[in-house]
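**Student:** A single structure is presented below for examination.
Read-outs throughout are calculated quantities, based only on the coordinates presented, and are distinct from any laboratory measurement. Bear in mind the structure is a predicted one, so any value in this text is a computation, not a measurement. Heads up, the Cβs are rebuilt from the backbone with ideal geometry, glycines too, and the neighbour counts pull from every protein chain shown.
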Amino acid sequence: MSKLHQLASYFRYWLNAVDKHSLQAPFIYELYTSVIKPNIHNDHFKEIESIRDQYKTSDQRIPIIDFGAGSKVSNNHIRQVKDIASTGLTKKKYSEVLYRLCNFSEAKNILELGTSLGVNTLYLAMSSTESRVTTFEGSPALCDVARDTFRQFGANNINIIEGNIDDNLQPFVDSSSPIDIAFIDANHRYKPTLSYFNTIRQKAHDQSCFIFDDIHWSKEMEKAWREIRTHYSVSLSIDLYQMGLVFFTPDLRKQHYMLQF
C-alpha cells in the first residue's frame with residue numbers, strides 16, 4: 001500500500017466523479033438516488049453501530065492469521081480489537097450501502113469474503129429476514145469474535161466458514177444456489193481478487209451484484225478492478241472510490257460510472 005498512490009487515486013476520483021444531475025439512464029439514476037446516496041436512518045443501523053462502538057473500546061488482544069495483503073496500518077500478528085474496529089473496518093456510510101443494495105435487489109443468497117469482526121456481515125444479513133449470508137474468514141480468532149457478534153445481535157441467518165478462502169470457496173460455489181449479492185473484502189492482491197471474481201461468477205445471474213472493497217488500495221487492486229469492470233459479462237460498473245460495484249444485467253448498455261459519494 002502506498003499513501004502517495006492512494007492520494008493520486010483519490011484526486012483522479014474527485015476530478016471525475018459525477019452526481020445525479022449527470023445520470024440519464026433510469027436504472028443508474030434510481031440506484032444512485034435510492035441506494036447509494038440517500039441518508040436514511042434505520043433502527044438496524046443504530047444497533048449495529050453500537051456493536052462497532054463497543055469493539056472500538058475493547059482492549060482484547062487476538063492473534064491474526066492473514067492470508068491476504070495484510071493490514072492497512074499494522075503488520076503485527078497480535079492486534080487489539082479496538083485497533084481493528086477503528087482502522088480495519090469499512091466506514092459506516094459504505095456499510096449502509098451494502099444493506100440498501102441487498103434490500104433493493106431483494107437478495108436471498110448473499111456471500112461475503114472477509115468477515116473480520118462481523119459488522120458488515122450484520123449489515124448484509126439484516127436487509128431481509130428471508131436472506132441467508134455465508135461469510136468466509138481465514139483467521140480463527142476473528143471467527144470467534146464474529147460469532148460472538150452474531151450471537152449478541154441475535155442474527156440466525158449467518159453461516160461463517162473458517163479457513164483459507166482459496167481452499168473453501170470453490171466447494172461452496174459448486175453446491176450453492178445462484179448468488180444474488182457478493183461482497184469481496186479479503187485478499188487485496190491482483191491474482192486472488194480475479195480468482196474470487198471468476199469463481200463466484202459461476203453462480204452469478206442477470207440481477208447479481210458483486211461489490212469489491214478497497215479497489216484503489218494499491219496498483220494491484222486497481223489493475224484487478226479494471227479487468228473486472230471491463231469483463232465481457234459485466235454490463236455496468238460503479239466506482240465509489242472505496243468500493244466498486246459490478247452488475248450483470250444484459251439489458252443495460254455497458255458503461256462505467258464514477259459517482260460522488
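**Student:** I need the calculated FRET efficiency for the pair Ser34 and Ile78, taking r as the beta carbon distance and R₀ as 51 Å, to the nearest 0.05. Spell out each step's value before the answer.
**Tutor:** On the way: r = 43 Å, r/R0 = 0.84.
It comes to 0.75.
**Student:** Still on this model: On full extension of the chain, what length is gained from Ser86 through Asp53, given 0.36 nm per residue of separation minus the C-alpha to C-alpha distance? Intermediate results must be reported in sequence, preceding the final value.
**Tutor:** Working: separation 33, 0.36 × 33 = 11.88 nm, distance 0.88 nm.
Gain on stretching Ser86 to Asp53: 11.0 nm.
**Student:** With all distinct Cα pairs included, what does the Kirkwood hydrodynamic radius of the chain come out to in Å, to one decimal, could you say?
**Tutor:** Here the Kirkwood hydrodynamic radius works out to 18.6 Å.
**Student:** I would also like to ask the following. For helix 219-229, what angle does its Cα long axis make with the longest principal axis of the chain, in degrees from 0 to 90 and rounded to 10?
**Tutor:** 50
**Student:** With 10 angstrom as the radius, rank Ile200, Ile48, Ile161 by how many other C-beta atoms surround their C-beta, starting from the fewest.
**Tutor:** So the ranking, lowest neighbour count to highest, is Ile161, Ile200, Ile48.
**Student:** On to the next question. Would you pull out the residues with amide H under 5 Å of Ile160's amide H, same chain only if 5 or more places away, H placed 1.01 Å from N?
**Tutor:** Counting only residues 5 or more places away or on other chains, the set is Thr135.
**Student:** On a straight-distance basis, which lysines could pair with Lys37 in a cross-link, Cα separation under 21 angstrom, same-chain partners fewer than 8 positions away excluded?
**Tutor:** Cα-Cα hits under 21 Å: Lys20, Lys46, Lys91, Lys92, Lys93.
**Student:** Rounded to whole Hz and in sequence order, give me ³J(HN,Hα) for segment 20-25 from the Karplus expression 6.51 cos²θ - 1.76 cosθ + 1.60, θ = phi - 60°, writing x for Gly and Pro.
**Tutor:** 4, 5, 9, 9, 10, 5
**Student:** Compute the projected area of the convex hull of the Cα atoms of segment 72-192, averaged over all viewing directions, and report it in nm² to one decimal place. Could you put the intermediate results ahead of the total?
**Tutor:** Values: hull surface 30.9 nm².
In nm², the orientation-averaged hull projection of segment 72-192 is 7.7.
**Student:** Still on this model: Kindly express, to the nearest 10 degrees and within the range 0 to 90, the angle between helix 190-200's C-alpha long axis and the longest C-alpha principal axis of the chain.
**Tutor:** Helix 190-200 sits roughly 80 degrees off the main axis of the chain.
**Student:** Can you give the Kirkwood hydrodynamic radius for segment 113-261, in Å, rounded to one decimal and based on Cα pairs?
**Tutor:** Taking the inverse mean of 1/r over all distinct Cα pairs, segment 113-261 comes out at 15.9 Å.
**Student:** Under 14 Å from the Cβ of Gln170, count the other residues' Cβ atoms, weight Lys and Arg +1, Asp and Glu -1, and hand me the total.
**Tutor:** On the way: positive: Arg201, Lys203; negative: Asp166, Asp167, Asp174.
Around Gln170, the surrounding residues sum to -1.
**Student:** Could you tell me what percent of the DSSP beta bridges with both partners in segment 53-193 are antiparallel, to the nearest 5?
**Tutor:** 20
**Student:** What percent antiparallel are the DSSP beta bridges of the chain, to the nearest 5?
**Tutor:** The antiparallel proportion sits near 35 percent.
**Student:** Relative contact order for the chain: what percent, with Cα pairs under 8 Å and sequence separation of 6 or more?
**Tutor:** 18
**Student:** Between helix 43-56 and the chain, what is the angle of the helix's C-alpha long axis to the longest principal axis, kept within 0 to 90° and rounded to the nearest 10?
**Tutor:** 50
**Student:** Under a cut-off of 18 Å between alpha-carbon atoms, report the lysines in cross-link reach of Lys203, not counting same-chain residues fewer than 8 places apart.
**Tutor:** Lys203 reaches Lys108.
**Student:** Which cross-chain or sequence-distant (5 or more) residues have an amide H under 5 Å from the amide H of Thr115, H modelled 1.01 Å from N in plane?
**Tutor:** Correct list: Phe136, Glu137, Gly138.
**Student:** Related question: For a quick check, take a GNM of the chain with Cα springs below 10 Å and name the residue from His21, His44, His205 with the largest mean-square fluctuation.
**Tutor:** In the Gaussian network model the winner is His21.
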